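*Asks:* I am attaching a structure below and will ask some questions about it afterwards.
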Amino acid sequence: MGINTILKEFYKGKTVLLTGATGFKGSWLAYWLTEMGAKVIGYSLPPLTGEDHFNLLHLNDKITHIEADILDLKKLQEVFDAHQPEIVFHLAAQALVRFSYDDPKLTFDTNVAGSVNVLEAIRVTKSVKSMVYVTSDKAYKNKEWTWGYRENDELGGHDPYSASKAAAEILFSSYNDSFFSKNDSIGVGTVRAGNVIGGGDWALDRIIPDCIKSLRINNPIVIRNPHATRPWQHVLEPLSGYLLLGVRLYEDPKKYSGAWNFGPSIKSIKTVKELADKVISVFGKGEVDVQYDKNANHEASILHLNCDKSNTKLSWYPTWGFDATIERTVNWYIGHLNGENPENLTVSDINEFLKENK
């Protein structure tokens with residue numbers, strides 16, 4: 001049975017609570033869930049701009065969305081009590097490495113205290129049968145290895161963002177060991193993905209949005225760390241893993257609870273310069289301007305994931321290679337800038353992805 005059939009049969013009619021629904025990954029996940037017939041309850045801060053993917057897809061009209069802060073436990077618990085979700089996807093986060101240097105307290109508050117609130121709400125809500133808790137590949141203590149990090153490798157973080165995600169993983173383990181593992185009716189998993197890209201992302205200080213913002217006004221793409229390598233993957237890749245894990249956690253909690261990596265193949269691990277050059281090639285114009293900053297804050301140079309566990313135990317594999325990932329991403333933006341319907345562009349990507357996963 002293909003992943004499309006598995007997911008559609010499972011999520012149709014299910015009540016799903018999604019924190020961080022207005023974010024880049026959250027908006028893609030919310031839309032995909034609604035396409036499968038799920039009843040989606042979004043809980044997140046309002047979108048930042050009218051051009052955010054959430055707004056472009058008119059998700060306010062498609063899901064039940066509560067605009068609130070993940071740090072407000074009273075409000076969060078009220079939403080859990082009112083809607084009694086069966087599945088929870090926790091994506092709400094402060095997700096930018098460089099911003100974490102500017103406001104480390106907000107980063108730790110959101111990624112640590114906010115995650116405690118979600119775990120606490122789930123602990124006391126008996127309707128929840130499956131929870132997928134999203135952290136980051138940067139939760140691993142980066143040792144600049146040339147091989148991929150496995151789920152049982154050491155956690156840690158040099159920058160506040162990475163440290164906050166490692167701390168969120170420790171919180172998860174504590175709640176799992178103390179509460180969830182003793183409850184046979186709930187499965188919980190933590191997921192770590194690579195550098196996720198795709199249409200509709202307009203966040204500050206992320207490479208694809210930076211590229212598109214520069215190219216649309218005929219400015220060169222400025223990059224500061226051209227030789228850093230990252231595991232680039234289309235947003236639908238990890239989301240398909242999250243959704244599949246949500247199914248398996250629901251069906252067999254004991255077997256599937258724990259940590260999971262969802263990353264691209266080794267061939268998709270490219271430098272920032274290679275990524276920018278490919279974006280320009282697909283966009284049809286532009287140039288790269290490398291501006292080294294000797295005073296820049298620390299960023300990892302080498303980072304990728306080992307996904308053997310997801311491959312063997314979930315039968316999950318990446319679908320699109322590097323070239324296809326960049327082509328689908330850039331063509332989404334080209335279509336949007338040319339006035340095409342963003343919802344049609346998004347549906348096209350989802351359908352094409354699923355067609356290759358029969």
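*Asks:* For the subset of the range 183-201 comprising residues that are charged (D, E, K, R) and farther than 15 Å from Trp28 by Cβ, which member is most open to solvent (accessible area, probe 1.4 Å)?
*Replies:* Looking at the filtered set, the residue picked out is Asp184.
*Asks:* Name the one entry in Ala30, Ala92, Ala139 that is under 30 Å from Ala228 (Cβ atoms), of a type in the set (Gly, Ala, Ser) and open to solvent by less than 10 Å² (accessible area, probe 1.4 Å).
*Replies:* Exactly one of Ala30, Ala92, Ala139 is under 30 Å from Ala228 (Cβ atoms), of a type in the set (Gly, Ala, Ser) and open to solvent by less than 10 Å² (accessible area, probe 1.4 Å), namely Ala139.
*Asks:* To continue, here is another question. Just to verify a result, which residue in the range 154-182, among those that are over 17 Å from Leu305 (Cβ atoms) and not in a helix (DSSP H, G or I), is most open to solvent (accessible area, probe 1.4 Å)?
*Replies:* His158
*Asks:* Another one. Asp61 is checked against (1) open to solvent by 30 Å² or more (accessible area, probe 1.4 Å); (2) in contact with a His (Cβ under 6 Å, 6 or more places away or on another chain) and fails just one. What number does that condition carry?
*Replies:* Exception for Asp61: condition (2).
*Asks:* Is it the case that Gly200 is of a type outside the set (Val, Ile, Thr), at pLDDT 95 or above and at positive phi?
*Replies:* yes
*Asks:* Scan the range 33-58 for residues that are of a type in the set (A, V, I, L, M), more than 23 Å from Ile212 (Cα to Cα) and open to solvent by less than 20 Å² (accessible area, probe 1.4 Å) and report the count. Reasoning before the result, please.
*Replies:* First, pick out the residues of the range 33-58 that are of a type in the set (A, V, I, L, M): 33, 36, 38, 40-41, 45, 48, 56-57.
After this cut, where a residue has to be more than 23 Å from Ile212 (Cα to Cα) as well, the list is 33, 36, 38, 40-41, 45.
Now drop any that are not open to solvent by less than 20 Å² (accessible area, probe 1.4 Å), which leaves 33, 36, 38, 40-41.
Summing the residues that are of a type in the set (A, V, I, L, M), more than 23 Å from Ile212 (Cα to Cα) and open to solvent by less than 20 Å² (accessible area, probe 1.4 Å) in the range 33-58 gives 5.
*Asks:* Enumerate the helices (runs of 4 or more DSSP H) found wholly within the range 91-150, keeping only those where 1 or more residues are among the aromatic types (Phe, Trp, Tyr) and under 17 Å from the mean Cα position of the chain (by Cα).
*Replies:* none
*Asks:* Next question, about the same structure. Out of Ile6, Ile66, I need the residue that is touching a residue at least 12 places away in the same chain (Cβ under 8 Å), surrounded by fewer than 21 Cβ atoms within 10 Å (Cβ to Cβ) and part of a strand (DSSP E or B). Which one?
*Replies:* When all the criteria are applied, what remains is Ile66.
*Asks:* Could you grab me the full set of residues in the range 333-353 that are within 18 Å of the chain's Cα centre (by Cα) and either aromatic (Phe, Trp, Tyr) or modelled with pLDDT under 95 (or both)?
*Replies:* Listed by number, the list holds a single entry, Phe353.
*Asks:* If you don't mind, there's one more thing I want to ask. I'm trying to understand the selection: among the residues of the range 202-251, which are over 23 Å from Lys12 (Cβ atoms), open to solvent by 10 Å² or more (accessible area, probe 1.4 Å), part of a helix (DSSP H, G or I) and in contact (Cβ under 8 Å) with a residue 60 or more places away in the chain?
*Replies:* Ile207, Ser214, Arg216
*Asks:* Sticking with this one: Might you check whether a residue that is in contact with a Pro (Cβ under 7 Å, 6 or more places away or on another chain), over 19 Å from Lys267 (Cα atoms) and among the hydroxyl-bearing types (Ser, Thr, Tyr) occurs anywhere in the range 212-227?
*Replies:* Yes, the range 212-227 has at least one match.
*Asks:* Determine, yes or no, whether Lys273 is closer than 24 Å to Leu155 by Cα, more than 19 Å from the chain's Cα centre (by Cα) and open to solvent by 20 Å² or more (accessible area, probe 1.4 Å).
*Replies:* Working: closer than 24 Å to Leu155 by Cα: no; more than 19 Å from the chain's Cα centre (by Cα): yes; open to solvent by 20 Å² or more (accessible area, probe 1.4 Å): yes.
Spelling it out, it is not the case that Lys273 is closer than 24 Å to Leu155 by Cα, more than 19 Å from the chain's Cα centre (by Cα) and open to solvent by 20 Å² or more (accessible area, probe 1.4 Å).
*Asks:* Output the qualifying pairs, or none if there are none: Cβ atoms under 8 angstrom, residues six or more apart or on different chains, first residue in the range 136-149 and on the phi > 0 side of the Ramachandran plot, second residue surrounded by fewer than 21 Cβ atoms within 10 Å (Cβ to Cβ).
*Replies:* Pairs that qualify, where the first residue is on the phi > 0 side of the Ramachandran plot and the partner is surrounded by fewer than 21 Cβ atoms within 10 Å (Cβ to Cβ), are Glu144/Ala300; Glu144/Ser301; Glu144/Ile302.
*Asks:* Here is a follow-up. Could you list, in sequence order, all residues of the range 9-31 that are touching a residue at least 60 places away in the same chain (Cβ under 8 Å), assigned to a helix (DSSP H, G or I) and among the charged types (D, E, K, R)?
*Replies:* Matches in the range 9-31: Lys25 only.
*Asks:* Restricting to the range 32-54, what's the tally of residues that are part of a loop (DSSP other than H, G, I, E, B) and more than 21 Å from Gly199 (Cα to Cα)? Even if it seems obvious, please write down each step before you answer.
*Replies:* Looking only at the range 32-54, we keep the residues that are part of a loop (DSSP other than H, G, I, E, B), and these are 36-38, 45-52.
Filter once more, so that each one left must be more than 21 Å from Gly199 (Cα to Cα): 37-38.
Selection size over the range 32-54: 2.
*Asks:* For the range 189-219, which residues satisfy the criterion of being more than 17 Å from the chain's Cα centre (by Cα) and not charged (D, E, K, R)? Full working, then the answer.
*Replies:* The initial filter retains those residues of the range 189-219 that are more than 17 Å from the chain's Cα centre (by Cα), namely 210-219.
Matches in the range 189-219: Cys211, Ile212, Ser214, Leu215, Ile217, Asn218, Asn219.
The values are calculated or read from the model by the stated rules, or taken from the named source; none is laboratory data. Quick caveat: nothing in here was measured; it's all calculated off a predicted structure. Positions of Cβ are generated from backbone atoms using ideal geometry, with glycine treated the same way; all protein chains shown enter the neighbour counts. Side chains are part of the model used for accessible areas, which takes the heavy atoms of the whole protein and leaves out ligands, DNA and RNA. Shrake-Rupley method; radii C 1.70, N 1.55, O 1.52, S 1.80 Å.
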